[in-house]
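S.K.: What follows is a structure written as structure tokens; I'll ask about it next.
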Amino acid sequence: MKIQEEQIQIENQKDLASHVESLDFLSNKLTKQNYDVNAIISKLADFQVAIPSWALGAGGTRFGRFSYFGEPSNLEQKIEDVGIIHSLTKTAGAVSLHIPWDVPEDYTAIKEVANSLDIKFDAVNSNTFQDQKNAKESYKYGSLSNVSQAVREQAIQHNLDVINIGNKLGSKALTVWLADGSCFPGQNNFQTAFQNTQDSLIDIYKGLPQDWKMLIEYKPYEPNFYSTVIQDWGASLMLANGCGDKAYTLVDLGHHLPNSNIEQIVSILQLKGKLGGFHFNDSKYGDDDLTAGSIKPYALFLIFNELVYGMKNNPQNPDLAWMIDASHNVKDPLEDLIQSLEAIQESYAKALLVDQDALKAAQLDNDVVKCQEILQGAFRTDVRPLLEKARLLSGGVLNPIKAYRSLDVREGLIRERGKNTIATGL
Ligand SMILES: [Mn+2]
């Protein structure tokens, strides 16, 4: 299923008048405050977020999974789904593959599908958190950190295989997330587990092509409940530094203990030139994998405020790999991803409205009230007309969720694929 340009034009006609009216109002207001509205719109249009290949089917928990009709049953269909999201939003121009769930059978064919939909291949993700069929060694007690050299070697080889697959598709980064850790005190020697992980990562790093990055993701707990080898940004940063210049820390919003100051983490990593990737989601309790911005939109805005500051002031930090890493237990996955994209763009736009010079002046004056006024003034602005304009200029729709429903996308997918398909993934 592919959304045609004419369909997009018809959808946009419905909302054009009200869009023009609200954009005029906001543009006038912002222009009077000396903002360059067109520059903000063009930054929004350029901002692309990767969709992970495992997010296109119904999510689930260990208690169960409620299937969603018309799910993609192979990689080609998953990329087609990303294409649907991208054609509506024009902000999802990349897919992030999970190996081995999504190993291409025909590389040329997959690249052609992606190309025709204007989709690039972002970071590739390895999986050493579950045992694969016919695997010689088991990851039950860890992978890169395992006390067994044979297990570590298998996990290292898997990551090298993932790099090789990504290389054939044009990816430029490997994301490593380890489930390694322990469930009970005394089960692991912390130092041995950490050192084994460092040594294994160095072996993988040696296989990284010159123009690639290695992104090291951290997470405080789960699936292990007593200790996790890469539990926080400090551990990730130490490992990245131990590997070399092409290794970076990856921040996943859900991988923090409640109330962690993520914006501060993001800020310091950029200062050190070591923030490489970013996974969006939201949560109330832990790694809930909820829609970005659905629970704590102000926190997302504060994080974006630091990201915008870093993108402007930290040339030592590379361009970031942006990805949504969320689940959708009770929603149509495509609608959920569209809502996340909207929340991400909204936070980005609000952060672009923060007057950095005025904020700096207020900070130098220790004018705490003014500092808060500047941040909250930006946050309270309804920036949605700017997002609409960015989509309109890029050939997307003014209102993606409304268009998705009006075009009966899910019904079309069910007609094509039936009701019983199941997407590979968690
Ligand atoms: Mn993640």
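Only the coordinates and a few stated rules stand behind these numbers; no lab work does. Quantities reported herein were computed from a predicted structural model and do not represent experimental measurements. Every residue, glycine as well, gets a Cβ built from its backbone with ideal geometry; the counts of neighbours run over all protein chains shown.
S.K.: I want the local charge near residue 137. Using Cβ-Cβ distances under 11 Å, sum +1 for each Lys or Arg and -1 for each Asp or Glu among the other residues.
M.R.: +1
S.K.: Please work out the ratio of the alpha-carbon Rg of the chain to 2.2 N^0.38 Å and round it to two decimals.
M.R.: Normalised Rg, Cα atoms only: 1.00.
S.K.: When the helix-only estimate is applied to the chain (DSSP H runs of n ≥ 4, each -39,500 (n - 2.57), divided by the residue count), what is the mean residue ellipticity at 222 nm, nearest 500 deg cm²/dmol?
M.R.: -15500 deg cm²/dmol
S.K.: Can you tell me the FRET efficiency between residue 367 and residue 272 if r is taken as the Cβ-Cβ distance and R0 is 30 Å, rounded to the nearest 0.05?
M.R.: 0.55
S.K.: A follow-up question, please. Give me the number: length gained by fully extending residue 149 to residue 38, i.e. 0.36 nm times residue separation minus the C-alpha to C-alpha distance, one decimal in nm.
M.R.: Full-extension gain reported as 34.3 nm.
S.K.: Could you size up the charge dipole of the chain around its Cα centre, putting +1 on the beta carbon of Lys and Arg and -1 on that of Asp and Glu, and report it in debye to the nearest 20?
M.R.: For the chain, the charge dipole is close to 220 debye.
S.K.: If the limit is 31 Å between Cα atoms, which of 331/389; 120/312; 14/284 go over it?
M.R.: 14/284
S.K.: Counting only the backbone N, which residues of the stretch 21-42 are under 12 Å from the spot 7 Å out from the Cα of residue 358 toward its beta-carbon?
M.R.: Correct set: 30-35.
S.K.: Checking the cross-link filter: which lysines have an alpha carbon closer than 28 Å to that of residue 136, excluding same-chain neighbours under 8 positions apart?
M.R.: 168, 206, 219
S.K.: Label points 7 Å out from Cα along the Cβ direction at residue 120 and residue 225: separation in nm?
M.R.: 4.2
S.K.: Further, regarding this structure: Once both labels are modelled 7 Å past Cα along the beta-carbon direction, what's the residue 157-residue 172 spacing in nm?
M.R.: So the label points at residue 157 and residue 172 sit 3.1 nm apart.
S.K.: Rounded to the nearest 5, what % of the DSSP beta bridges within the chain are antiparallel ones?
M.R.: The answer is about 15 percent antiparallel.
S.K.: Please list, in order along the stretch 47-62, the HN-Hα scalar couplings obtained from phi with the Karplus expression 6.51 cos²θ - 1.76 cosθ + 1.60 (θ = phi - 60°), rounded to whole Hz, x for Gly and Pro.
M.R.: Karplus values, whole Hz, x for Gly and Pro: 6, 10, 10, 6, 9, x, 5, 8, 9, 9, x, 5, x, x, 10, 5.
S.K.: For a quick check: with amide H placed at 1.01 Å from N, whose amide H comes under 5 Å from residue 247's, ignoring anything fewer than 5 positions away on the same chain?
M.R.: The answer is 214.
S.K.: Let me ask another. Which residue, chosen from 83, 165, 186, occupies the Cα position most advanced towards the positive end of the dipole of the chain, where the dipole is computed from +1 (Lys, Arg) and -1 (Asp, Glu) charges on Cβ about the Cα centre?
M.R.: Working it through, the farthest residue towards the positive pole turns out to be 186.
S.K.: Which distance in Å, rounded to a whole number, links the C-alpha centroids of the stretch 260-277 and the stretch 76-90?
M.R.: So the two Cα centres are separated by 30 Å.
S.K.: How far apart, in nm, are two points set 7 Å out from the Cα along the Cα-to-Cβ line at residue 184 and at residue 138?
M.R.: My value for the distance between the label points is 1.5 nm.
S.K.: Next question. Pick out, from 104, 326, 175, the residue whose Cα sits farthest towards the positive end of the charge dipole of the stretch 5-417, with +1 on the Cβ of Lys and Arg and -1 on the Cβ of Asp and Glu.
M.R.: My answer, from the dipole projection, is 175.
S.K.: Here is a further query. Would you work out which of 37, 208, 56 lies farthest towards the positive end of the dipole of the chain, given +1 charges on the beta-carbon of Lys and Arg and -1 on that of Asp and Glu, about the Cα centre?
M.R.: Value: 208.
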